Each structure stands twice: as C-alpha cells, then as structure tokens.
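Notes follow once the structure below has been shown.
The values are calculated or read from the model by the stated rules, or taken from the named source; none is laboratory data. Just so it is clear, the model here is predicted, and its values are computed rather than measured. Don't worry about glycine lacking a Cβ; one is built from the backbone with ideal geometry, like all the others, and counts go over all protein chains shown.
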Amino acid sequence: MCDDRMRIILLGPPGAGKGTQAERLAARYNIPTISTGAMIRAEIRDGSELGKQTKKYIDEGQLVPDSIIMSIVESRLSKPDCAKGFILDGIPRTIPQAQKLDEMQIEPYTVLNIAVGDDEIVKRLGGRRVCATCGATYHETFNPPAKKGVCDACGETLSIRPDDAEETILKRLAVYHEQTEPLIAYYEKAGKLINILSEGGVEETAAAVQAALEVE
Ligand code: AP5
Ligand code: MG
C-alpha cells in the first residue's frame, strides 16, 4: 500500500457522516483524521487566540476564512504521523482551499463524496449527540449510545453541538450549496471523485465506503 493511497478526502454536506466514517477509516488504516472543525472547536474550548478569532464564524454557520484554515492544515500535515496517509474530514471546503492543496502537492488518492439530501441532513444533525471529551459522535435514533446521554468510549456526558441549532443547520446547508458543492465538479474533472450515496444507516454507508476503496 503506497502513501498516496491513503490520502483520502471526505467531502459532503454538514451532517453527512464525514466524521462518523472518518473514525472508522482511521481505525481501519491506522492513519490520522484531520478535521479542521474539531481542531477549531478544541481551540475555542481552550480559549486560545485562534479560538477567539474563529468562534463567530462557527457560531453563525459561516466558513472560517481560507487563509486561517489552510495555515492550520499546512502545519498539521507536516507532522510525522501524516507520512503514511491521512483523512481530510471537511477540507477542502472551497475552491481556493482545493487549489492550495494542489499547490502544496497534496494529491488525494481519492475523494469520497458522501451524498445526502437536505431533509435527511436536518434529521441527522437534529439528533446528533457528541462527546466533547473524546470526540465520539452518536445519534439519538440512528446510532445511539448503550446508555442514553453517556459516551460508550469514555463515560462522559454527551452534549449537543452549539451549531446544531435548527437555524444554524439551515445556514450551514446554504453555505455548503454555495461554496462547497462546486468541489464535486472540481474533483470529478480531476478524475478523483467517488460518490457514496448515503441513504442507509451508518454501517451500510461504511460498507459502501469500503467497497469504493477496495475497487480503487
Ligand atoms: P465541521 O466540524 O467539519 O462540521 P460540518 O462539515 O458542518 O460537518 P459535521 O461535523 O456537522 O457533520 P459530519 O459530516 O461530520 O457528520 P457526523 O459524522 O457528525 O465544521 C464545523 C465548522 O467549522 C464549519 O461550519 C466552519 O465554520 C468551520 N470549518 C471547518 N472546516 C472548515 C474549512 N475547511 N473551511 C472553512 N471553515 C471550516 O454525522 C452527523 C449525525 O448523523 C451524527 O449524529 C451521526 O451519528 C449520524 N449519522 C452519520 N452517518 C449516518 C447514516 N449513514 N445514517 C444515519 N445517521 C448517520
Ligand atoms: Mg464532523
């Protein structure tokens, strides 16, 4: 298995299941997941300067400026644990971010576009529960923890992400359609795109992701 093989980009609307599938892929291939969303949420929790600069964008469901995101990504990708591959969860999210990755010669092995309709997104995000301590993600109905409200992995109390308020979900979806969806054509043109239709549950989607990677 060559290094390039494991450079995976997960594309898809908010709440498509990028983080859920990234968790499984990272465990299976023993490569890190790089999620700018998770990194920024950690900075906000820590009250860092970067957290202060970015909080308003996340709270409003807007994208964080490309220059801030790509400097986080560039520094994270230079770490030794990325040498054998990585999963980019929600990066790139604009055409300039994709162009910057190209400039950095970060050529993906594949771009998996997790396709989900807007109505289903509202259901997925409306029932999402997250563990702020270890990052595990659940859904009240579709992927519940063994004990309601408690993280299976670390036993902490689960919470609702602040940007999962309904009006913010709708804003994030609008931003997705305007700024991120054009990346589908960008990577299709580059011959890198595989569409994963995520109409079934978490395990069914994981099987489709796995099948797509095995075919490649
Ligand atoms: P980020 O944290 O990346 O959020 P997002 O893209 O909006 O996506 P989510 O994390 O909400 O959803 P997901 O696709 O990971 O789905 P999940 O697996 O949790 O970014 C947050 C913010 O940070 C952005 O709004 C922006 O401000 C900023 N940001 C981050 N990166 C940026 C960038 N590159 N550029 C600019 N700004 C950036 O699943 C969702 C729910 O559905 C869960 O409850 C799960 O259990 C359930 N579920 C998953 N799969 C299924 C399934 N197949 N069937 C049923 N339920 C399912
Ligand atoms: Mg996520």
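Tabulated data for the structure shown
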| read-out | value |
| --- | --- |
| Residue in segment 60-78 that is crowded, with 16+ Cβ neighbours inside 10 Å, of a type in the set (Asp, Glu) and away from ligand 2 (no atom under 13 Å from the Cβ) present | yes |
| Check on Thr110, of a type in the set (Ser, Thr, Tyr) and within 12 Å of ligand 1 (Cβ to nearest atom) | no |
| Matching entry among Arg24, Arg7, Arg93 (being under 17 Å from Gln179 (Cα atoms), charged (D, E, K, R) and either out of contact with any Cys (no Cβ under 9 Å at 6 or more places or on another chain) or away from ligand 1 (no atom under 12 Å from the Cβ) (or both)) | Arg93 |
| Residues located in segment 89-125, provided they are at pLDDT below 95 and either closer than 26 Å to Ala165 by Cα or within 16 Å of ligand 2 (Cβ to nearest atom) (or both) | Gly90 |
| Selected residue (only one of Gly117, Gly155 is without any contact (Cβ under 8 Å) to a residue 40 or more places away in the chain, loosely packed, with under 14 Cβ neighbours inside 10 Å and over 25 Å from Ala174 (Cβ atoms)) | Gly155 |
| Any hit, segment 138-158, residues being closer than 30 Å to Ser78 by Cβ and of a type in the set (Val, Ile, Thr) | no |
| Residue satisfying condition, being β-branched (Val, Ile, Thr) and over 24 Å from Leu25 (Cβ atoms), within set Ile160, Ile196 | Ile160 |
| Within segment 1-88, helices (runs of 4 or more DSSP H) holding 1 or more residues that are modelled with pLDDT of 95 or more and closer than 18 Å to Tyr109 by Cα | 18-29, 66-77 |
| Any chance Gly15 is on the phi > 0 side of the Ramachandran plot and under 14 Å from the mean Cα position of the chain (by Cα) | yes |
| Residue pairs meeting the criteria (Cβ under 7 Å; at least 6 apart or on separate chains; first at negative phi and touching a residue at least 12 places away in the same chain (Cβ under 8 Å), in segment 139-150; second assigned to a loop (DSSP other than H, G, I, E, B) and hydrophobic (A, V, I, L, M, F, W, C)) | Pro145/Cys151; Pro145/Leu158 |
| Search result, residues across segment 183-216 that are part of a helix (DSSP H, G or I) and of a type in the set (Asp, Glu) | Glu188, Glu203, Glu204, Glu214 |
| Answer residue from segment 27-53, given it is within 7 Å of ligand 1 (Cβ to nearest atom) and polar (S, T, N, Q) and is surrounded by the fewest Cβ atoms within 10 Å (Cβ to Cβ) among those | Ser35 |
